[in-house]
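Remarks on the structure that follows.
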């Protein structure tokens, strides 16, 4: 079998109501189904302010669906599609069309896709845990390597790609992009895709 093809994992793609993906997963789990929803983890405002008047953020992770509108369920034994559809937060199943007759089939993830989603979820959780540590104890996502291409986001939301050219003190890195250089906190750098 070629490297880019993997076998069917049995994980069905479930369509969820907006912002109810995690509710749907907990409902499916309570009904005895094996369900998952990979998440991004964010810090919520606590409603308090620090001595400088800035909002205080929680240190507890608040999960938010990584793929809005979708969750995944795996059936053990006979597939109970109606049982899943009856779960609060579930709208139905994602269907794929294939073949000359445009046959509709349930959307099912490959084993590789399931592994990728689990890896992304674990990385998101690790990134959250790093974000609540003091800056002095955080580890950067990207280690310094002269000439390595990285990306970062400016204060104005612009995404910049460039090459690391010099390591500065205080965890700062000099990045060259289109004949302009930026000094960026190494913790803000991400791998270029």
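Computed from the coordinates by the stated procedures, all read-outs in this text should not be read as laboratory data. What you see is a predicted model; the values in this text were computed from it and never measured. Quick reminder, even Gly has a Cβ in these numbers, built from the backbone with ideal geometry, and neighbours come from all protein chains shown.
Spin-label point model (7 Å from Cα, Cβ direction): what's the residue 54 to residue 165 distance in nm?
3.0
With Rg and Dmax of the Cα atoms in Å as the read-out, I listed (1) 17.1, 58; (2) 16.6, 53; (3) 21.6, 67; which label goes with the value calculated from this structure?
(3)
Along its principal axes, what span do the Cα atoms of the stretch 140-191 show, with the longest given first and each in whole Å?
On the principal axes, the stretch 140-191 reaches 24, 20, 18 Å in Cα extent.
What FRET efficiency comes out for the pair residue 34/residue 62, r = Cβ-Cβ distance, R0 = 22 Å, nearest 0.05?
Once the sixth-power term is evaluated, E becomes 0.40.
May I ask you to list the residues of the stretch 123-165 whose amide nitrogen lies under 15 Å from a point 7 Å from Cα along the Cα→beta-carbon direction of residue 46?
So the set is 132-134.
Which length gain, in nm to one decimal place, applies between residue 158 and residue 115 when the Cα-Cα distance is subtracted from 0.36 nm times their residue separation?
Fully extending the segment from residue 158 to residue 115 adds 12.4 nm.
Tell me what the chain gives for mean residue ellipticity at 222 nm when only DSSP H runs of n ≥ 4 count, each as -39,500 (n - 2.57), the sum divided by the residue total, rounded to 500 deg cm²/dmol.
-6000 deg cm²/dmol, from helical runs alone.
To the nearest Å, what is the center-to-center distance of the stretch 12-55 and the stretch 69-127, using C-alpha atoms only?
So the two Cα centres are separated by 18 Å.
How long is the gain from residue 105 to residue 176 if the chain were fully straight, where each residue apart is worth 0.36 nm and the alpha carbon distance is subtracted?
Extra length from residue 105 to residue 176 when fully extended: 20.7 nm.
Hey, what D do you get for the stretch 25-121 in µm²/s if you plug the Kirkwood alpha-carbon radius into Stokes-Einstein at 37 °C and 0.692 mPa s?
The estimated diffusion coefficient comes to 202 µm²/s.
How many percent of Cα pairs in the stretch 86-190 exceed 20 Å?
61
Could you tell me how many degrees, from 0 to 90 and to the nearest 10, lie between the Cα long axis of helix 111-131 and the main elongation axis, the longest principal axis, of the Cα atoms of the chain?
40
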